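A.B. asks: I have a structure here, written as structure tokens, and I will follow up with some questions on it.
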Amino acid sequence: MIPQSSLAAVARGSATNGAATTPTSDIALFVYGTLMAPEVIHTLLSQGKSQPPPLPHPTVTSSSADTDAGTTTPDFSSIIMKPARLLHGIDGPKSQFQLFPVRDAVFPALIPMASFSSSAQQDALGHLEEPPKVDGLYLPCVTPQQLSILDWYEEEAYERREVVVQLLVEKDSSSNALASNTRSCQTYIWVHPWQELIVDQGDWNYKTFRREHMESYLTRTVWPCVQQFQKLGFYSNEEDQDRNTND
């Protein structure tokens with residue numbers, strides 16, 4: 001996630017996501033942290049031109065985006081989002097991940113537990129009897145254009161990598177079991193030094209983020225991102241881009 005102090009990096013083209021190239025067709029994506037908030041992901045993908053639905057809501061759906069005279073914006077309606085839980089990396093069950101707060105920030109980082117191999121790193125994790133579950137949202141149909149926006153939003157501290165998630169079902173009176181169906185998809189993994197994370201104070205908490213930081217995060221981070229993306233042409237319609245190229 002792009003902190004306010006790093007917005008200049010957006011204009012420089014900082015997001016590399018070297019572990020996963022930008023696809024030419026839709027992909028499935030697992031999001032967590034601030035992107036779990038419909039207000040955040042909806043504002044980013046709809047150019048801030050329509051309001052997100054009331055919370056909680058598993059599917060973010062917008063009305064047709066308003067358009068300025070002579071400007072065409074892509075249709076970002078029906079952003080399908082399903083509750084899911086991260087199981088492991090593509091290498092199998094031993095490839096586990098942990099969510100930590102980023103130091104001096106309000107967003108978290110997802111990091112492979114294998115990154116904590118030294119004794120000092122293990123000591124830092126001494127408070128963890130068992131790694132908490134990493135819950136988030138599964139987006140089955142993310143377009144290349146939407147993915148480009150999210151890649152830039154996540155910036156160079158994260159890379160997209162393949163993981164396996166499990167779709168969650170609502171609890172009922174007879175069972176608390178999860179759905180047995182799993183999905184392979186991509187997610188954003190922290191690739192900066194682990195020392196930039198707060199690893200000795202527990203897990204990042206989504207409810208705390210919503211209660212204490214959501215309003216300021218939208219104002220100071222998300223909306224400035226949208227403004228930068230507008231300048232960079234991220235919301236331009238592909239047909240318009242092709243027409244401009246041929247002119």
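The values are calculated or read from the model by the stated rules, or taken from the named source; none is laboratory data. Worth saying up front: this structure is predicted, and the values here are computed from it rather than measured. Note: accessible area is taken over every heavy atom of the protein model, side chains too, but ligands, DNA and RNA are not part of it. Shrake-Rupley method; radii C 1.70, N 1.55, O 1.52, S 1.80 Å.
A.B. asks: Quick one: order ASP104, ASP203 from most to least accessible surface, probe 1.4 Å.
C.D. replies: Details: ASP104 155, ASP203 60 Å².
Sorted by accessible area, descending: ASP104, ASP203.
A.B. asks: OK, next. Over the heavy atoms of THR24, what accessible area does a 1.4 Å probe trace out, to the nearest 10 Å²?
C.D. replies: 140 Å²
A.B. asks: Show GLU154, GLU212 ordered by accessible area, largest first, where the area counts protein heavy atoms only and the probe is 1.4 Å. Don't skip to the answer; put the middle values down first.
C.D. replies: On the way: GLU154 5, GLU212 110 Å².
From most exposed to least exposed: GLU212, GLU154.
A.B. asks: Can you tell me how much longer the chain between SER148 and ASP135 gets when fully stretched, taken as 0.36 nm per residue apart minus their C-alpha distance, in nm with one decimal? Mind dumping the intermediate values first?
C.D. replies: Working: separation 13, 0.36 × 13 = 4.68 nm, distance 2.32 nm.
Difference between extended and current length: 2.4 nm.
A.B. asks: Can you tell me the length gained on complete extension of the stretch ASP91 to LEU232, counting 0.36 nm per residue apart and subtracting the Cα distance?
C.D. replies: On the way: separation 141, 0.36 × 141 = 50.76 nm, distance 3.64 nm.
Extra length from ASP91 to LEU232 when fully extended: 47.1 nm.
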